[in-house]
Each structure stands twice: as C-alpha cells, then as structure tokens.
Amino acid sequence: MRHRVAHRKLGRVTAHRIALLRNLATALFERERIRTTLIKAKELRPYAERLITLAKRDDDRLHARRLVLRDIRDPGVVTKLFDSLGARYATRPGGYTRILRLGPRKGDGTEMAIVELLGSEYQPKKKDEKVKDKSRKAAAPAKDAKARGGEGRTGKGTKGRKEGVEKAEGV
C-alpha cells in the first residue's frame, strides 16, 4: 500500500529532485511560461502554487519572503514574485497555474507540456496591428540600406555590382 507517499521521484535522488523543482519554479516565475515534460509539470504545479500563496501573505511578509528565499535563490525573481505576481493573485483563492499538453516529444516520445501562470496567456495581434508591423519592418531595411551607402547582402556597394555586370557583358 502507498500510504503517505505523495510525490513522484522523477528518477532522481532527493537532492537532485529538489534542485530540479527549484530551477523549474525559478524559470516559471521569471518567464511566466515554460515547456517541460508532463510529469515534471504535474510535480511543479503544487510546488509553485505554494510559493505564490506565500507571496500573497499580508500579515508577515518578511517571514514569507525568507521562506520563499529558501527555495528561490534569485533575488530578482523573488522581488517579481512578491511585487507583481503576489499582487496579481491577491484575490484568487488558488489555481495560479495552467498545464497545456503538447503531445509526444519527437526523440523519445515523452509527453510534453507547457506550464504557464494565469494572466500571461498568449494574446495574438489583431489584423490592423499586423499590417502596421509589416509596414514598419519594410520601411526599416530601406532606411538602413541608404545609411550604409547602398550595400546589399554581399557587402559590396552599388559600384561593385555595376562593375560586375559590365565585366560579364564584356564592356
């Protein structure tokens, strides 16, 4: 019987498993969206949500910060967790992460997933924004080419190209 056996071992010794979860949680809070295996994602979810719950504390913030610093060693990530993420989820009672299944990995067939924090979802651009971006991108290289003196991909100026054409024609 598996009484009081709560977590998966992930094929690692205890110290390695704890380090793995710390690194995954740090990456999740830093980037707000990471891609990993499904099993690791399922183990990461309660670990990360416990840290977010600590970041929401109002009564003893210094102690909560020190508890989080035991697991997340990057001070910048801890600051982000307490300032922006804690405030984002202040009214939410739980369920701060989402796991999206991606399907099997090409190399070994392991089921892959994306773990993301709620509120950091992908927001596609609207059609008018796409048109504006394309026009900006098209205008920018033309300005750069004029500033460089008309150099193309080959690194030669316009004179070099004309001379090459004249040589080919036999002039």
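Results, tabulated for the structure shown:
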{"quantity": "For segment 103-120, Karplus couplings with θ = phi - 60° (6.51, -1.76, 1.60), whole Hz, Gly/Pro x", "calculated": "x, x, 6, 5, x, 10, x, 5, 5, 9, 8, 10, 10, 9, 7, 5, x, 10"}
{"quantity": "Sequence of Arg61, Arg2 once ranked by neighbouring C-beta atoms within 10 Å, starting from the fewest", "calculated": "Arg2, Arg61"}
{"quantity": "Karplus-derived HN-Hα couplings along segment 2-9 (A = 6.51, B = -1.76, C = 1.60, θ = phi - 60°), whole Hz, x at Gly and Pro", "calculated": "9, 5, 6, 10, 9, 10, 7, 8"}
{"quantity": "Local electrostatic count at Lys126 - Lys and Arg +1, Asp and Glu -1, tallied over other residues with Cβ under 12 Å", "calculated": "+1"}
{"quantity": "Zone of Gln123's modelled label, taken as backbone nitrogen in segment 25-53 under 20 Å from a point 7 Å along Cα→Cβ", "calculated": "29-34"}
{"quantity": "Cα-Cα over 21 Å, subset of Lys9/Lys56; Lys9/Lys42; Lys56/Lys80", "calculated": "Lys9/Lys56"}
{"quantity": "Ranked list, fewest to most other Cβ atoms within 10 Å of each Cβ, for Ile52, Ile34, Ile114", "calculated": "Ile114, Ile34, Ile52"}
{"quantity": "Phi to ³J(HN,Hα) by Karplus 6.51 cos²θ - 1.76 cosθ + 1.60 over segment 44-61, Hz, x for Gly, Pro", "calculated": "6, 3, x, 5, 5, 5, 5, 5, 5, 4, 5, 5, 7, 4, 9, 6, 9, 5"}
{"quantity": "Inter-site label distance for Arg4 and Arg92 at 7 Å from Cα along Cβ, in nm", "calculated": "3.4"}
{"quantity": "Per-residue Cβ neighbour rank within 10 angstrom, fewest leading, Met1, Met112", "calculated": "Met1, Met112"}
{"quantity": "Inter-site label distance for Asp83 and Leu62 at 7 Å from Cα along Cβ, in nm", "calculated": "2.0"}
{"quantity": "Pairs of alpha carbons in segment 14-117 whose separation is greater than 23 Å (percent)", "calculated": "26"}
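Just so you know, all these numbers are worked out from the coordinates, no wet-lab data involved. Small disclaimer: the values here were computed from a predicted structure and weren't measured. Every residue, glycine as well, gets a Cβ built from its backbone with ideal geometry; the counts of neighbours run over all protein chains shown.
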